[in-house]
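See structure below.
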Amino acid sequence: MKLVTSKQALVECLGIVNKAVSSRSSIQVLSGVLIDARPDGIVMSATDMEISIKAPLAGRVDQPGSLVVPARIASEIARSLPTGEVTLEQRAGETQVEIRAGESLFDLHSLPAVDFPQLPAPVGDGFTVGKAAFLETVDRVAPSASRDETRPVLTGVLIHFNKTDVRMVATDSYRLSVKQTPIESSVENTLQAIVPARTLLELSRIASGVADDTITIVPTENQMLFQVGGIYLISRLIDGQFPNYRQLIPETFDYEVAVDHDEVLEAVRRVGLLAQKNAPLRLRFADNTLAVSAESQDVGKAHEAMPIQYSGDALEIGFNPEFLEAGIAAVKEPTVYLRFISPLRPGLVKGASDDFLYLVMPIRLSD
Amino acid sequence: MERDDLQQSERPRAPYRVIAHLDFDAFFAAVEENLDPSLKGKPVIVGGGERGVVATANYVARRYGVHSAMPLRTARRLCPHGVYLTGHHRLYSEYSKRLMDMLDEYSPLVEQVSLDEAYLDLTGTEKLFGPPVRTLRLIQKRVMDELQLSISVGLATNKLVAKVASDLRKPHGFTVVRPGEEEAFLAPLPVERLPGVGPALLSQLHDRGVVTVGDLVLIPPHLLRLSFGEWGELLAHRARGEDPRLVTPREEVKSISREHTFEEDVGDAGVLESTLIALTEDVCRRLRHKQLEARTVTVKIRYSDFVTHTCSHTLPRPMDVDEVFFEEVLALFRQGRRRRYHLRLLGVGVSNLVPRAWQDDLFDQELPLLRELDLKLDTIRDKYGKDAIRRGAAETR
């Protein structure tokens, strides 16, 4: 195998596929990247058996062939190379791959391509969706998914497509995000699946860097392929029943407060610095004032007040500062609406319309 | 786990350890005598409170047969002219703290067991303070001079033997057991001197002809195991003066537990389950008092033949609500009770403790309301005693 590419192309391509490289697999070949040089082009692939990514590498193939390089060291080498042309060459009968750039020369141990698992290749009819609307929905919902593998279904995002909208739902059981977005879509009828949040966040990262306006999606029974700008991302789907999230959302709330988005977000960020080690962020609504405060033992305390329209009974409620901040940040409007029932019932964060809802369970305040 | 390893490695290496057990003599009563010198020479009994039992009796009162844990009613019958006091508990804590502070000067390895006793690991302190025997004599004298209280001291190579030694010649005892002499030291002592040998076990041991600790050594360990389960095995080691436990300075609480030994063995599931509910209520209340939440719950079952089983379950996240633990405890008990013997003891414990977060779950929106109930009950119990209010399902004892 012999191919010629540039440092920048190599770094970018490795950067894309690297996210699918298995970090803790005991299978050595999964910690590598497959380089497949064919007369019609070069493709790099990586997989951790949950997510697989295939990306094209711009370059010239002098002699077709394929091999697997260890991902971490290959990336470090690529980044360290001088700018300009890079040649990768493996001579017949050798296991080493030679990486050459300028006067630098690396001989890197490689693994045979035959050891690399065959990547799943979903076949069937795909459909396209508008990229911007899809990614916006991902970015506002997926962060609420759980990172705790003990309840796998919560590590996923429930996605529901129809011809005019996409709806995504994620919850880590402490907060719940629901977003319904109008989208241009060529889906037949409707489609629902639970996609790992990690997949969607990776997709968002990759897709935001390419020029295409649409993402092609090919669903199968237990996998979903996303294709954008020549890059393929294939993900396992999560099996199981997504919880009935609708019944978690109280039908009515007793209090609603409208607050300036940026002002409350910044106050929560600032005061939240003093809500450490499980300490809650306190919100107190009374006499047309919202007071945000926090206190951490052995650290100190913080307080900030802002004028609001509120004349009801005084209400004091506590939240995990990160959860509240994430909810407010996900509302991309000048005014954010906070709805409450009592300090012991969930609170709702939303914008003017109901297309995005963020429900969050409070932290009980000590008296 | 890491912390234990750290402490292990911080301990000085030595062929054997130098461990002392220090114990105030008739602690509460002695403090009362300091407070009111006219009490000296009279039988003084400190006790009362929730359970109505003797906490401490001074040595004069003990001559009448009064001893700690005895119901006050019995004590009054044995010693009608005694001076009965409910005690000054804050003062006892102060004295206790002064002793612990003093011990801290001699070793970083001080383990306070209760208000009136502590273990002290003096291994490796010879270069600083001289021979441990001299150090301990000095401590005993300082306690007398500075606190006007008498302590008894036992010095040995492990906690078990040190404790038996300090208990041997009370009051103001000073007993040293040299390395290698542990088994010989224990052998002539009555078997009930071993910590953990209570009246029930004692009568079973007497039935088997065991009177002294030495008699116990003659029984092959596997037979003890057969009769008393894991506890039997432990007993075999203790009888030989073996005890691997380290002196562990008090740190964060690692677990909270409560046990109940039935006066008569019980087979009735209703009684057993309501006992478990009451124990769980107590454990959870202490959990909330300490502002902790727990992930693991353990149920301990001891059958009439002393065979003991424990079973545990770990929750997906830490909790501090009674109702959650009731379900867990009853489920564990129903799974864990596999023999048809009656039960002599039940215990409930929680571990895997973390500082309470009170971050509740959207999927269980009832939980915060149940916790409010618990907190209200806690307030009532703090004010009027723990039996002031109980759930209907809980056995009051």
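When the solvent-accessible area of the range A:1-144 is split by element, carbon and sulfur atoms take up 50 percent of it, the probe being 1.4 Å. When only the Cβ of Lys, Arg, Asp and Glu is charged (+1, +1, -1, -1), the dipole of the range B:1-180 relative to its Cα centre reaches about 800 debye.
Overall, the ratio between the Cα radius of gyration of the range B:1-180 and 2.2 N^0.38 Å, rounded to two decimals, is 1.13.
Helix B:322-336 sits at what angle to the longest principal axis of chain B, using alpha carbons and giving 0 to 90 degrees rounded to 10? Helix B:322-336 and the main axis of chain B meet at about 80 degrees. Charges were assigned to the Cβ only: +1 to each Lys and Arg, -1 to each Asp and Glu. The resulting dipole of the range B:255-384 about its Cα centre is roughly 500 debye.
Loop-located GluC sites (Glu not before Pro) across the range A:185-278 with a Cβ neighbour count of 11 or fewer within 10 Å are A:Glu188, A:Glu221, A:Glu251, with loop assigned by DSSP. Treating the angle as unsigned and between 0 and 90°, give the value, to the nearest 10°, between the Cα long axis of helix B:132-142 and the longest Cα principal axis of chain B. Between the helix axis and the principal axis of chain B, the angle is about 80 degrees.
The range A:319-367 and the range B:105-143 have Cα centres lying 56 Å from one another.
Protein heavy-atom surface of the range A:249-360, 1.4 angstrom probe: 44% of the accessible area is carbon and sulfur, with nucleic acids and ligands not counted. Here, P(r) means the percent of Cα pairs in each 5 Å bin from 0 to the largest distance; for the range A:49-143 it is 2, 9, 15, 18, 16, 10, 10, 10, 7, 2, 0.
Using Cα pairs under 8 angstrom and six or more residues apart, how large is the relative contact order of the range A:2-115, in percent? Write down the numbers at each step before the final one.
Working: 248 pairs, mean separation 33.7, N = 114.
Over the range A:2-115, the number comes to 30 percent.
Within the protein assembly as shown, the proportion of C-alpha pairs whose separation exceeds 36 Å stands at 63%.
Residues of the range A:274-322 that bury at least 10 Å² of accessible area once all protein chains are present, compared with their chain alone (1.4 Å probe, heavy atoms only, ligands and nucleic acids left out), are A:Asn278. State whether the range A:112-185 is rounded, prolate or oblate according to the following rule on the C-alpha gyration tensor (a ≥ b ≥ c being the square roots of its eigenvalues): a/c under 1.5 gives rounded; otherwise a/b larger than b/c gives prolate, and the remaining case gives oblate. Judged from the Cα gyration tensor, the range A:112-185 comes out oblate (a/c at least 1.5, b/c at or above a/b). Do any residues of the range A:240-264 lose at least 20 Å² of accessible area when the full set of protein chains is present rather than just their chain alone, and if so which, with a 1.4 Å probe? So the qualifying set is A:Leu248.
Taking every alpha-carbon pair under 8 Å whose residues sit at least 6 apart, chain B reaches a relative contact order of 13 percent. Computed on protein heavy atoms with a 1.4 Å probe, what is the summed buried accessible area for the chain pair A and B, in Å² to the nearest 100? So the total buried area for this chain pair works out to about 1700 Å².
Per-residue packing, averaged as other Cβ atoms within 10 Å, sorts the ranges B:57-70, B:150-163, B:14-27 into the order B:150-163, B:14-27, B:57-70, beginning with the highest. Taking amide hydrogens as placed 1.01 Å from N in the peptide plane, the amide H of A:Tyr174 sits under 5 Å from those of B:Leu362, each at least 5 positions away in sequence or on another chain. Using the Kirkwood radius over Cα pairs, work out the Stokes-Einstein diffusion coefficient for chain B at 10 °C and 1.306 mPa s, in µm²/s as a whole number. This corresponds to a translational diffusion coefficient of 68 µm²/s.
Shielding of peptide A:137-149 by partners, expressed as the average count of other chain Cβ atoms within 10 Å per residue Cβ, is 0. Counted over all Cα-Cα pairs of chain A, pairs farther apart than 34 Å make up 42 percent.
Calculated [222 nm] ellipticity per residue, helices only, for the protein assembly as shown: -9000 deg cm²/dmol; basis is -39500 (n - 2.57) per DSSP H run with n ≥ 4, divided by all residues, nearest 500.
For the range B:306-386, the relative contact order comes to 40 percent (Cα pairs under 8 Å, sequence separation of at least 6).
Count Lys and Arg as plus one, Asp and Glu as minus one, and take only other residues whose Cβ is under 11 Å from that of B:His309; the net charge is then +4. Taking the square roots of 5 times each eigenvalue of the Cα gyration tensor of the range A:2-115, largest first, gives ellipsoid semi-axes of 20, 15, 14 Å.
P(r) tail for the range B:109-252, what percent of Cα pairs lie past 26 Å? Roughly 31 percent, rounded to a whole number.
Close amide-amide hydrogen proximity is noted between A:Arg364 and B:Asp360, each under 5 Å apart and 5 or more residues distant or on a separate chain (H modeled in the peptide plane; Pro and chain starts excluded).
Counting only other chain Cβ atoms within 10 Å of each residue's Cβ, the peptide A:360-366 averages 5. Over all Cα atoms in the range A:127-245, the spread is summed up by Rg and Dmax: 13.1, 38 Å. Put simply, the range B:286-397 fits an ellipsoid with semi-axes of 26, 18, 12 Å; these come from the alpha carbon gyration tensor as the roots of five times its eigenvalues, largest first.
Of the residues making up the range A:162-210, those losing 30 Å² or more of accessible area when the isolated chain is joined by the remaining protein chains, with a 1.4 Å probe, are A:Ser173, A:Tyr174. Entry for the range B:184-239 at q = 0.16 Å⁻¹: log10 I(q)/I(0) = -0.38, Debye formula applied to identical alpha-carbon scatterers, no solvent contribution. Electrostatic tally near B:Leu35: other residues with Cβ closer than 13 Å to its Cβ, Lys and Arg +1, Asp and Glu -1, net -2.
Inter-chain neighbour count for B:349-362: the average number of beta-carbon atoms from partner chains within 10 Å of each residue's beta-carbon is 5.
Tell me, how many Å apart are the Cα centres for the range B:33-89 and for the range A:200-243? Comparing the Cα centres of the range B:33-89 and the range A:200-243, I get a distance of 78 Å. Ranking B:Leu99, B:His172, B:Thr261 by how far each Cα lies toward the positive end of the dipole of chain B (charges on Cβ) leaves B:His172 at the top.
Against chain B, whose longest principal axis comes from its Cα atoms, helix B:159-168 is set at around 60 degrees.
Entry comment: accessible area of the protein assembly as shown is 49 Å² per residue, from protein heavy atoms only and a probe of 1.4 Å.
The values are calculated or read from the model by the stated rules, or taken from the named source; none is laboratory data. All of these numbers come straight from a predicted model, not from anything done at the bench. Quick reminder, even Gly has a Cβ in these numbers, built from the backbone with ideal geometry, and neighbours come from all protein chains shown. Just so you know, the surface numbers come from the protein's heavy atoms only, side chains and all, with ligands and any DNA or RNA stripped out. Shrake-Rupley method; radii C 1.70, N 1.55, O 1.52, S 1.80 Å.
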